[in-house]
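The next block holds one structure in the form of structure tokens; read it before the comments.
The values are calculated or read from the model by the stated rules, or taken from the named source; none is laboratory data. Since the model is a prediction, treat every value here as computed from it, not as a measurement. Neighbour counts are summed over all protein chains in view; Cβ atoms, including those assigned to glycine, are modelled from backbone coordinates with ideal geometry. Side chains are part of the model used for accessible areas, which takes the heavy atoms of the whole protein and leaves out ligands, DNA and RNA. Shrake-Rupley method; radii C 1.70, N 1.55, O 1.52, S 1.80 Å.
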Amino acid sequence: MDIISRAMRKGLHLCENMAVEEQTWERFLEVSEKKKVFIFGAGGGTGYFLRNRCSDIKIFSVVDNDKNMQNQKLGLCCADAWHTEYADMIIQNPDALNDYDRQGMVVLITSTNYYFPIAKQLKHMGIDNYYVLLMLEANKRKRQKDIIEEDFNKIQNEYIEWCCHQDVADNKIVMLIGVYGEHARQITKALLEMKSDLDIVWIMDNLNEEEPEGVRKIYCKNWKSYIYEMETAKIWVYDDLVPKIIRKRRNQYYIQAKHWSSITLKKFYLDDKANYKSAEVMERIKSDGERMDYLFSGSRFDEDSCKSGFMFKGESVRVGSARSDILFDNSIRKKVLSNLGLNESAKICLYVPTYRLKECEKSSSMKIALDMDILPKILKDKWGGEWFLLVRLHPSLKLNEDELPSDIHIMNVGNYPNSEELVAVSDVLITDYSSIMFEQAYRELPVFLYAPDRWKYIDVERGLLIDYEKLPFPIAESNGELHQCIKSFEQKTYEKKVIDFLDFYGVHEDGHASERAAKFIIKLLQNTNI
């Protein structure tokens, strides 16, 4: 089913504006003759248009409301513009439409889901000459009952087949820089320092993030370039599941880096029965685990949990946690504090609660129970200095700014690109069930667990791989208990608990995991004895 058919099945082609609902291609072609044609949207609808109608129409420019796409090349964002005459066209902010004569332009809205608010936006800008791709196609299909629906799956499979007949580049490494990506960032840095002739490709969802010199970025929603790079790379380094549609070829290597460090608290994937009830999803995880060749791990515990959670059957390579290397970089503090607009003397408490599945299903925002108003004072009374509370929710959630007190000492750092850098500058970390707790502990710095829904979470939400009571961190179920844990904190006693805990699980981070990972990758590329 193509994008138009899906939208029509949802009834999205039905609207109150009859003039819009009755739009036709014939009228659009007549009106657009000798006018500048602007495309509003750079997503799937534009891809459909480029595949099916673009030969009749010359595009003048493309605009989009998505800031992630603005100022990017159309060929980077849209698969069907890739390697065409429109590949280098820059996607602009819709405000660019104001630079042109209204009488000399026509706008084609290609979004199938958001055409109505876009139309209102155009009307507000004084632009009445607009057409909607969905309406044009819907009316065409209504008139031509025997029209053949575009078979996108066939188009995609034929393209994959073509890609799989292309040569695999012996120096190409594809890495996922998606929701997480911290392992890949550190491994990339080490690779670039060791070898200069590598073709490193980052698969990204945030196109505004800068890539290092020597790295090419690919947009994860550009299915053509995504598939091509994957099918022609020698090595994949992923911290998530590789999309099912990607075929692993005989002479390729798949390294699973997972997105946590050398130890994790919560059950995941196949072991997380609460979140993965679908047989189809379970089968996808198993099949992906079967095609993993190597696992970058940091402990025996890490390896055993991945064998169970991923159904991993390949070879473990105990390099440590590449993402955690940054914690041992003494130069990072000055950079991060400067980015946050803070003095180097600032004391940092990082609060990183994890998401709740039921809460996520209801809303993308999260209600915070932590008493943020008084916490900086409690920390100052304990350790002195000027304290700042940095709040960072799970990537799946957004922080409602109304939740934050109006205080310069409390900051929302949800948009900061690298969570590890925030951990690296934190003097104290507060979390509930996030495995980021262990990374703060690698440097034996204070970690406090604030878990007001502790029993409900553990019994209903997620199962744990480690007994919560056996963690080496003070546990509080209320703000009062948390304040008391901070006041009574004793560093030497804490350090012994942390060291004993990490020794028990065989976790020993030293800041050089990315170097070991990079050396392994280079040997794999060279087919030397690994």
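Below are the figures for this structure:
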| item | result |
| --- | --- |
| Hits in the stretch 49-74 - residues which are assigned to a helix (DSSP H, G or I), without any contact (Cβ under 8 Å) to a residue 40 or more places away in the chain and either of a type in the set (A, V, I, L, M, F, W, C) or open to solvent by less than 70 Å² (accessible area, probe 1.4 Å) (or both) | L50, C54, L74 |
| Residue, farthest from G506 (Cα to Cα), within the stretch 247-257, restricted to residues that are in a loop (DSSP other than H, G, I, E, B) and without any contact (Cβ under 8 Å) to a residue 60 or more places away in the chain | R250 |
| When residues of the stretch 134-169 are limited to those that are among the acidic types (D, E) and open to solvent by 10 Å² or more (accessible area, probe 1.4 Å), the one farthest from the chain's Cα centre (by Cα) | D146 |
| Whichever residue in the stretch 170-180 is open to solvent by less than 30 Å² (accessible area, probe 1.4 Å) and in contact (Cβ under 8 Å) with a residue 60 or more places away in the chain and, among such residues, is farthest from L241 (Cα to Cα) | K172 |
| Those residues of the stretch 86-118 which are open to solvent by less than 30 Å² (accessible area, probe 1.4 Å) and among the polar types (S, T, N, Q), in sequence order | T110, S111, T112 |
| Any chance G11 is open to solvent by 20 Å² or more (accessible area, probe 1.4 Å), of a type in the set (G, A, S) and touching a Lys or Arg at 6+ places or on another chain (Cβ under 9 Å) | no |
| Candidates K123, K140, K154, filtered to the one that is touching a Phe, Trp or Tyr at 6+ places or on another chain (Cβ under 9 Å), of a type in the set (K, R), more than 18 Å from Y238 (Cα to Cα) and free of Cβ contacts under 8 Å to residues at least 60 places away in the same chain | K123 |
| Residue list for the stretch 26-47, restricted to those being part of a helix (DSSP H, G or I) and either more than 20 Å from S61 (Cα to Cα) or open to solvent by less than 10 Å² (accessible area, probe 1.4 Å) (or both) | E26, R27, F28, G45, T46, G47 |
| Number of the condition not met by K335 [criteria: (1) open to solvent by 50 Å² or more (accessible area, probe 1.4 Å); (2) in contact with an Asp or Glu (Cβ under 7 Å, 6 or more places away or on another chain)] | (2) |
| Cβ pairs under 6 Å, 6+ apart, first in the stretch 504-525 and more than 13 Å from S297 (Cα to Cα), second among the small types (G, A, S) | E515/A190; A518/A190 |
| Within the stretch 291-302, considering residues that are charged (D, E, K, R) and under 24 Å from the mean Cα position of the chain (by Cα), the one surrounded by the fewest Cβ atoms within 10 Å (Cβ to Cβ) | R291 |
| Filtered residues of the stretch 308-322 (kept if in a helix (DSSP H, G or I) and either in contact (Cβ under 8 Å) with a residue 40 or more places away in the chain or surrounded by 19 or more Cβ atoms within 10 Å (Cβ to Cβ) (or both)) | G309, A322 |
| Residue list for the stretch 273-307, restricted to those being in a helix (DSSP H, G or I), among the acidic types (D, E) and in contact with a strand residue (DSSP E or B) (Cβ under 7 Å, 6 or more places away or on another chain) | E303 |
| Hits in the stretch 126-170 (condition: over 16 Å from N52 (Cα atoms) and in a helix (DSSP H, G or I)) | K142, R143, N157, E158, Y159, I160, E161, W162, C163 |
| Matching residues in the stretch 1-44 - criterion: being modelled with pLDDT of 85 or more, of a type outside the set (D, E, K, R), out of contact with any Cys (no Cβ under 7 Å at 6 or more places or on another chain) and within 24 Å of G104 (Cβ to Cβ) | Q23, T24, W25, F28, L29, V31, S32, V37, F38, I39, F40, G41 |
| Flag if N113 is in contact (Cβ under 8 Å) with a residue 60 or more places away in the chain, touching a helix residue (DSSP H, G or I) at 6+ places or on another chain (Cβ under 9 Å) and assigned to a loop (DSSP other than H, G, I, E, B) | yes |
| Exclusive hit being of a type in the set (A, V, I, L, M) and not in a helix (DSSP H, G or I), set L270, L350 | L350 |
| Residue tally, condition open to solvent by less than 40 Å² (accessible area, probe 1.4 Å) and without any contact (Cβ under 8 Å) to a residue 60 or more places away in the chain, over the stretch 213-225 | 1 |
| Test result for K67, among the basic types (K, R), within 24 Å of the chain's Cα centre (by Cα) and at pLDDT 95 or above | no |
